[in-house]
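What follows is a short report on a single structure.
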Amino acid sequence: MKKILLLMITAAMLAACSNEEKDDSTAPQKSTAPTENSNAEIEEGLKEGTTEYDYASLHKDEVPVNAKVKFVGTVFTTNEGEFQLTEAPNHSAEEVVLIDDIRLGERTVIDKGTAVTVYGSYNGKNAEDIPVIKGIFIDVEE
């Protein structure tokens, strides 16, 4: 009787074991980091469908809200995360476009008087009746 009991316990233990290895690895998973090439492709894709607008079009509400826009101007004032642009250095201080800086690309310091091209989405006007663009890409003109 002892032999049968011992044989059954041994069989149960062998049945509980398997040849498959469990993957209890705590090693971090490989993550795919974006490459420079894919960033350039994303930038080109976002810039591709934009339409260039001037201050008059933005101020007269001729541009639909959330439209992909391109605006070329000169930095009039800078603030943390914001720029005010004019179309040309000699334009009035009242003809400004506010840029919310939410850049996806490399962030470089942009000084007053710098010519830039902004790609982003038109957000309508703020409380002071100033057109606002969310600047996704800001290219500094050289």
- Message: Can you report the number of residues in region 59-100 which are more than 22 Å from the chain's Cα centre (by Cα) and exposed (fewer than 13 other Cβ atoms within 10 Å of the Cβ)?
- Response: 9
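Rundown of residues vs (1) modelled with pLDDT of 80 or more; (2) in contact with a Gly (Cβ under 8 Å, 6 or more places away or on another chain); (3) within 23 Å of GLU142 (Cβ to Cβ), yes/no style:
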| position | (1), (2), (3) |
| --- | --- |
| LYS22 | no, no, no |
| SER38 | no, no, no |
| THR78 | yes, no, yes |
| LEU98 | yes, no, no |
| ASP101 | yes, yes, yes |
| ASN123 | yes, no, no |
- Hey, could you check region 41-52 for residues that are surrounded by 11 or more Cβ atoms within 10 Å (Cβ to Cβ) and either of a type in the set (D, E, K, R) or modelled with pLDDT of 95 or more (or both) and say which is nearest to the chain's Cα centre (by Cα)? GLU43
- Note on the structure: Conditions (1) farther than 22 Å from GLU48 by Cα; (2) part of a strand (DSSP E or B) -> LYS134 fails only (1)
- Can you confirm whether region 1-19 contains a residue that is modelled with pLDDT of 80 or more, surrounded by fewer than 10 Cβ atoms within 10 Å (Cβ to Cβ) and either under 30 Å from GLU94 (Cβ atoms) or charged (D, E, K, R) (or both)? yes
- Picking from GLU106, GLU82, GLU95, GLU87, which residue would you name as being among the charged types (D, E, K, R) and more than 27 Å from GLY45 (Cβ to Cβ)? GLU95
- Query: Can you tell me which of ARG107, ARG103 is free of Cβ contacts under 8 Å to residues at least 24 places away in the same chain, within 14 Å of the chain's Cα centre (by Cα) and closer than 17 Å to THR78 by Cβ?
  - Reply: ARG107
- What are the residues in region 121-131 that are in a strand (DSSP E or B) and in contact with a helix residue (DSSP H, G or I) (Cβ under 9 Å, 6 or more places away or on another chain), if any? TYR122, LYS125, PRO131
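The values are calculated or read from the model by the stated rules, or taken from the named source; none is laboratory data. Computed from a predicted structure; not experimentally measured. Backbone-built Cβ (ideal geometry, glycine too); neighbour counts: all protein chains shown.
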